[in-house]
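What follows is a set of notes on a single structure, which appears directly below.
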Amino acid sequence: MSKTRRARLLVIDVDGTLLTTDYQLTTATCSAVQQVSAQGVQVVLASARSPRAVHPIMGELGIIGLVICYTGALTCRISPDPQEPSEVVTEQRMSLSSAHMVLRNALERGLSLGWYSGDDWYIPRWDAALQRESTLTGVPPIIEPGLAHATQAPHKLLAIAGEPALMPELSVLVGTLPHDCKGQFSLANYLEITHQDVDKATALSALGKQLGIMPADMVAIGDGENDMALLRLVGLGIAMGNASPSVQATADWVTDTNNRDGVALAIERLQATGWL
């Protein structure tokens, strides 16, 4: 797609894009994102993560403010104070009955499950997969045995295959999702389940209307299946070098991998070609 104007907003996925495979934010990537923000371009992270899991990353980048969480189910404003609750901008929760149906089906299949509502993450029981997720994100869950009495509809459910033998169960779970839900893989063993109308592109489009920024004035960088609609929506979509062939085919061009400062190199090219 040809460029008609300079970008006013840069949206970046987090895991597999902004962060390395060992979940680090490199100096080069951090510096590049800070340069973009200093230019007056709105930088927005778009992630399957919760607000609390994104907060420290935004703080390190110096871009506390707007963020798209839960694959687009919640767009919120994050305060610099990690103790302050996030402020909802737009949201789309699952129906409570559908969420409980998915919960039961996932647990019956031996999958690990997280129930995400606003800033909080609830789990029915501890296991190794959920312990690893807590360690990686730095967010401790709230344990509610069985989650049978959960009364607030979640923004997202996360089903995890904690061991290779359980991977086929994720595919089975997708096939049993209620009609008003959809599942998107953020990792091979991570199934993000939301309301059927949720995706990052829908959330970004709504945010753009509030900010007065058209999709043609946006650039997106991502690596996953849940980034494909986002890459198609914006004026320039950039896929990571570690993205699958289908994701790369969706993008306007491909940068290097997340372990080789792909975001920093993309920003450098955007600056060289006049997008930034």
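What follows draws every value from the coordinates through simple rules; no lab data is involved. In this text, all values refer to a predicted model and were calculated from it rather than measured experimentally. Methodologically, a virtual Cβ is constructed for each residue, glycine included, from the backbone with ideal geometry; neighbour enumeration extends over all protein chains shown.
Numerical summary
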quantity: Distant alpha-carbon pairs in the stretch 63-105 (separation over 16 angstrom), percent; calculated: 50
quantity: Sorted largest first, extent of the stretch 1-124 alpha carbons per principal axis (Å); calculated: 49, 37, 30
quantity: Segment MET101-GLN24, length gained on full extension (0.36 nm per residue, minus Cα span); calculated: 24.2 nm
quantity: Inter-probe distance in nm under a simple model that places probes 7 Å from Cα toward Cβ, at GLU60 and ASP197; calculated: 3.6
quantity: Karplus (6.51, -1.76, 1.60) ³J(HN,Hα), θ = phi - 60°, over the stretch 72-80, in Hz, Gly and Pro reported as x; calculated: x, 6, 9, 10, 9, 10, 9, 7, x
quantity: Cα centroid of the stretch 1-69 to Cα centroid of the stretch 237-276, whole Å; calculated: 13
quantity: Where Rh is the Kirkwood radius over Cα pairs, Rg/Rh for the chain; calculated: 0.96
quantity: Hull volume in cubic angstrom per residue (convex hull over the Cα atoms of the stretch 134-260); calculated: 166
quantity: Within the chain, helix-based [θ] at 222 nm, where runs of 4 or more DSSP H residues each add -39,500 (n - 2.57), nearest 500; calculated: -9500 deg cm²/dmol
quantity: Using alpha-carbon coordinates, inclination of helix 96-108 to the longest axis of the chain, degrees; calculated: 70
quantity: Nearest-0.05 FRET efficiency for HIS149 and ASP256, computed from C-beta distance (R0 51 Å); calculated: 0.60
quantity: Rounded to 5, percent antiparallel among DSSP beta bridges of the stretch 108-250; calculated: 75
quantity: Geometric extent, Cα atoms of the stretch 63-197 - Rg, Dmax (angstrom); calculated: 14.4, 41
quantity: Max mean-square fluctuation residue, GNM over the chain, Cα-Cα springs under 10 Å, options SER86, SER98, SER171; calculated: SER171
quantity: Relative contact order for the stretch 64-104, counting Cα pairs under 8 Å that sit 6 or more residues apart, in percent; calculated: 30
quantity: Length gained when the stretch MET167-GLU268 is fully extended (0.36 nm per residue, less Cα-Cα span); calculated: 32.5 nm
quantity: Computed over the chain: relative contact order in percent, which uses C-alpha pairs under 8 Å that are six or more apart; calculated: 22
quantity: Spin-label model distance (nm) - ALA249 vs PHE185, 7 Å beyond Cα toward Cβ; calculated: 1.6
quantity: Cα long-axis angle, helix 200-211 against the chain (0 to 90 degrees, to the nearest 10); calculated: 60
quantity: Nonlocal amide H pairs with SER112, under 5 Å, H built at 1.01 Å; calculated: ILE160, GLY162
quantity: For the stretch 122-248: relative contact order, % (alpha-carbon pairs under 8 angstrom, 6 or more apart); calculated: 16
quantity: Where Cα atoms sit under 20 Å apart: lysine pairs in the chain separated by 8 or more or lying on different chains; calculated: 4
quantity: Rounded to 10°, Cα long-axis angle of helix 262-272 versus longest principal axis of the chain; calculated: 30
